[in-house]
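For reference, the structure is listed below as structure tokens.
A short reminder: the numbers here are calculations on the coordinates, not readings from a lab. Being a predicted model, the structure only gives us computed values, none of them experimental. Glycine gets a Cβ as well: all are built from the backbone with ideal geometry, and neighbour counts include every protein chain shown.
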Amino acid sequence: MFDKVIRIDMTKIEATEEILAEQYKQLSGRTLSSRLVSDEIPPFADSLGPHNKIFITCGLLAGTTVSSANRLSIGSKSPLTGGIKESNAGGIAAYKMGRLGIRAIVLEGLREDDNWYIAVINKDGCRLKEASGLKGKGIYDKATLLYEEFGEKIGIILIGPAGERLLFTAGVANNDGDGAPGRFSGRGGLGAVMGSKHLLAIVLDDTGCIVSEAAEKDLFKEKVKLFHKGILETTQTNETLPKYGTASLVDVTNALGGLPTRNFQTGRFEQADKINAQSLYDTIKKRAGEGNTTHSCMPGCIIRCSNIFADENGKTIVSPLEYETISLAGSNLEIGDLDTIARINYDCNDYGVDTIDIGAAIGVAMEAGILNFGDKDAVLSLMQEVKEGTPLGRIIASGCAITGKVLGIRRAPVVKGQAMAAYEPRAVKGTAITYMTSPMGADHTAGNLVRTNIKPDMKEQLVVASRDAQIAMTIFDGLGFCMFIAASVKDRQILVDLVNARFGWDITKEDLVQIARENMILEREYNRKAGFTEAHDRLPEHFYEEENPVTGTVFDITEEDLEKLVF
Ligand code: SF4
């Protein structure tokens, strides 16, 4: 049950099916993809060459109605960072994989001819289909054409033109239950890896699949009920996130001086009240039409933190509009206008690029004087250049680090080549320790400490808290859970109980921690073999020397402080 692996060789144009090897049986999501990266991709492999692979996995509870347990996880060697990468997203693709009994889809080989393909997976297996006509189309048009051909209920995993052009901010999208292909495994340029293999999309059709949800059905039902009760009895998951979504962080970080503003020069944005959660909520409510303040990205999620943002005529601009994009494409560019941010978000989605790295790259371009901070029209026209693939557009779509190098701006907010998410590092120090030390590069989802009570001068405690947060996030990522369940999970026993009831296992919560620790060690070791050293576990120099004007602090975590970061 639920142990199929579909292996797609794009050199041979051949798909085969195998059973997940015994040593991987208790792994899923990030812990499975990272093990497979480590076992199958040489650390020195060219990320866009014939030896790199992509591992698409889902969590152990995929295909069930357990809330928030159907995240899609994509692992590979990253073109952006040059290291191991896992990037995950909501949407319905992982749910479909679970129903199809598939734990992993492996993409391997390379194509350098003019032919492009899609993979179609259903209960009878996987076939590859020539689909060169889809090449060059945006994500939304590609999705529409795939729905026309295969029906509206399919799951789709797809790339946009940025992936086809092998650009380093290219992500991999999948669709939500309403058909919007706006759920991105956006970080690390994994869309470019898929593009290097000339695979434009994977169609997941679960028609006729009969899923036995659990080895111990009654126990499973009981545990699901208990898990959902926890979500419904927690303010964060039952009130704040459903009403305001992730945008509630705008006021939190702005108050801390940690809302990236003006290319991370400062952490407070004068127009924050125009882009905060209340403004987003009020705008969506007032416009009504297709807009919705609460929405579920995947089947079964009862938190429903997502949204649909509509224009003044009630027509959808984009779904979802999230905190990271609101900051990187808003405050970071000094744009206090939700409509403009939503349009930038739509353009990024359609072209298939990461809104975080693109927002950070445009911030750097603003600092270089290519366009002015706050100039909405100039940003939208730069996004057209990105989509058209002009030389400047390609530089931006190559990410913040490369944009900084090309434009001569050393204050590029990146770690290991990847742009920081929406937490200014001198003000949100715990998250910045995660940025420095995560094998993934500057990634808040690797262990965010924005809400910690630990004081900024308690360095040792912050380092330990970052380590623990990185382990905790690996547990969630490794089980396919959305991190927003964290507030409602007071005891990880419930996660273990769900897994044990589904599979008839008897793993413990200590086993979960052990698997996560081993995974962290494995990811760091992979990066070491790929050429990473301690020098890569650092923020850009200016954050250590120039004060955040709001907090009056510099970043002061040293190599010695990091000695406590032992996994
Ligand atoms: S809480 Fe939000 S992001 Fe998480 S699964 Fe639910 S809708 Fe998706």
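Observations
- Computed from Cα atoms alone, the Kirkwood hydrodynamic radius reported for region 155-239 is 15.8 Å.
- Neighbour counting of Cβ atoms within 10 Å sorts the residues Leu522, Leu328, Leu60, fewest neighbours leading, into Leu522, Leu60, Leu328.
- Two-site FRET efficiency, Asp457 against Asp273, from Cβ-Cβ distance with R₀ of 41 Å, rounded to 0.05: 0.85
- Derived scalar couplings between HN and Hα for region 295-305 equal 6, 9, 7, 9, x, x, 5, 9, 7, 6, 7 Hz in order, rounded to whole Hz, by the Karplus curve 6.51 cos²θ - 1.76 cosθ + 1.60 (θ = phi - 60°), x for Gly and Pro.
- Subtracting the Cα-Cα distance of Ile210 and Thr390 from 0.36 nm times their residue separation leaves 60.0 nm of extension gain.
- Cβ-Cβ FRET estimate between Thr144 and Glu312, R0 fixed at 35 Å, reported to 0.05: 0.90
- Its alpha carbons give region 269-318 an Rg and a Dmax of 11.9, 38 Å.
- Here the calculated FRET efficiency for Glu152 and Arg287, from their Cβ-Cβ distance with R0 = 25 Å, stands at 0.45, rounded to the nearest 0.05.
- P(r) weight above 23 Å for region 299-382, C-alpha pairs, percent: 22
- Distance histogram for region 33-159 (every C-alpha pair counted, 10 angstrom bins, percent rounded to whole numbers): 12, 37, 40, 12, 0
- Inter-part distance where region 147-198 and region 90-136 are each reduced to a Cα centre, Å: 11
- Rg over Rh for region 433-567 works out to 1.02, both radii taken from alpha-carbon positions and Rh defined as the Kirkwood radius.
- At most 11 other Cβ within 10 Å, DSSP loop - trypsin sites (Lys or Arg not before Pro), region 274-343: Lys315
- Relative contact order of region 4-204, defined on C-alpha pairs under 8 angstrom at six or more residues apart (%): 23
- Near-label residues of region 20-46 by backbone N, under 20 Å of a point 7 Å along Cα→Cβ of Phe567: 23-45
- The GluC sites (Glu not before Pro) found in region 72-116 that occupy coil by DSSP, while having at most 13 further C-beta atoms within 10 Å, are Glu112.
- Extended-chain gain in nm, criterion 0.36 nm per residue less alpha-carbon gap, Arg411 and Lys243: 56.9 nm
- Cα gyration tensor shape of the chain, rounded if a/c is under 1.5, else prolate or oblate by comparing a/b with b/c: rounded
- Modelled spin labels at Ile507 and Glu233, positioned 7 Å past Cα toward Cβ, are 2.6 nm from each other.
- For Asn307, nonlocal amide neighbours, meaning residues 5 or more places apart or on other chains whose placed amide H falls under 5 Å from its own, are Leu321.
- Note on Lys12 and Ile521: the extension gain reaches 179.8 nm, defined as 0.36 nm multiplied by sequence separation minus the Cα-Cα distance.
- Straight-line cross-link reach from Lys286 at under 18 Å between alpha-carbon atoms covers these aspartates and glutamates, not counting any fewer than eight positions away in the same chain: Asp273, Asp311, Glu312, Asp337, Asp339.
- Neighbour counts of other Cβ atoms within 10 Å put Thr16, Thr57, Thr403 in the fewest-to-most order Thr16, Thr403, Thr57.
- Selected from Val379, Gly393, Ile409, residue furthest toward positive end of dipole (region 350-431; charges at beta carbon): Ile409
- For region 194-233, GluC sites (Glu not before Pro) meeting the loop criterion (DSSP other than H, G, I, E, B) and having at most 12 other Cβ atoms within 10 Å: Glu233.
- Which of Phe227, Phe503, Phe555 has the fewest Cβ neighbours within 10 Å, and the rest in rising order: Phe503, Phe227, Phe555
- Debye-sum result for region 195-287 in log10 I(q)/I(0), which assumes one identical scatterer on each alpha carbon, at q = 0.13, 0.15, 0.22 Å⁻¹: -0.82, -0.86, -1.02
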